[in-house]
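The values are calculated or read from the model by the stated rules, or taken from the named source; none is laboratory data. Keep in mind that what you see is a predicted model, and the values were worked out from it rather than measured. Here the Cβ positions follow ideal geometry from the backbone for every residue, glycine too, while neighbour counts run over all protein chains shown.
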Amino acid sequence: MSELGGQPNRIEKNTKIKGDIISEADFRIDGKLDGNVKTSGKVVIGKDGYIHGKVQCVNADIEGSFNGELNVSELLSLKASAVIEGNVSVNKLAVEPGATFNASCTMKGKGGLSSSTSSPSATSSGAASAGGTTPGYKSSVSSGSGKSGEPVKAS
């Protein structure tokens, strides 16, 4: 497995950073970050990690907390201890049971078009049993079966 920017970057527990980070390498955050992260790699928020701001990355694994705008061009994986609030734009979403996902979510399919399936259960076998912890999950699914302009519920 080769990394674009070399060794992954790490913000350790009990470390607080205020500001913006731009990197080509992967990032792991176990501390607190108040700012933005932009990377062409993967962002991992550890169990004790917290980000408040905007994150742009290719892949993300979240065990800790996030509040803000999250743009993931490929896979966003939410572990059971994850707490997500804000706006999320993602290609694929995997949610473990127990994760808290209070966000407005946009799922992009191939070519940047909205995916016809935006239920987390489409990409995660355990997502359907998330225990009702996703009350803020908002989604519209376009389909020919609904009235023009009205969202159609995914089943």
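Structure values in brief
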read-out	value
Scan of segment 29-47 for residues that are surrounded by fewer than 17 Cβ atoms within 10 Å (Cβ to Cβ) and at pLDDT below 95, ordered by number	Ser40
Cross-chain or 6+ apart pairs with Cβ under 8 Å, segment 56-76 first and under 11 Å from Val44 (Cβ atoms), then of a type in the set (Phe, Trp, Tyr) and surrounded by fewer than 19 Cβ atoms within 10 Å (Cβ to Cβ)	Gly64/Tyr50
Residue match in segment 57-80 (condition: assigned to a loop (DSSP other than H, G, I, E, B), modelled with pLDDT of 95 or more and of a type in the set (A, V, I, L, M, F, W, C))	yes
Test: Ala103 is in contact with a Pro (Cβ under 8 Å, 6 or more places away or on another chain) and within 23 Å of Gly31 (Cβ to Cβ)	no
Residue pairs meeting the criteria (Cβ under 6 Å; at least 6 apart or on separate chains; first among the β-branched types (Val, Ile, Thr), in segment 93-112; second at pLDDT 90 or above)	Val95/Leu78; Thr100/Val83; Thr106/Ser89
Among the residues listed as Glu85, Glu69, Glu63, the single one being among the acidic types (Asp, Glu) and closer than 26 Å to Gln7 by Cβ	Glu63
Residues of segment 11-28 classified as of a type outside the set (A, V, I, L, M, F, W, C) and either surrounded by 16 or more Cβ atoms within 10 Å (Cβ to Cβ) or free of Cβ contacts under 8 Å to residues at least 12 places away in the same chain (or both), total	3
Among (1) within 23 Å of Phe101 (Cβ to Cβ); (2) surrounded by fewer than 19 Cβ atoms within 10 Å (Cβ to Cβ); (3) not small (Gly, Ala, Ser) - the single one Leu70 does not satisfy	(2)
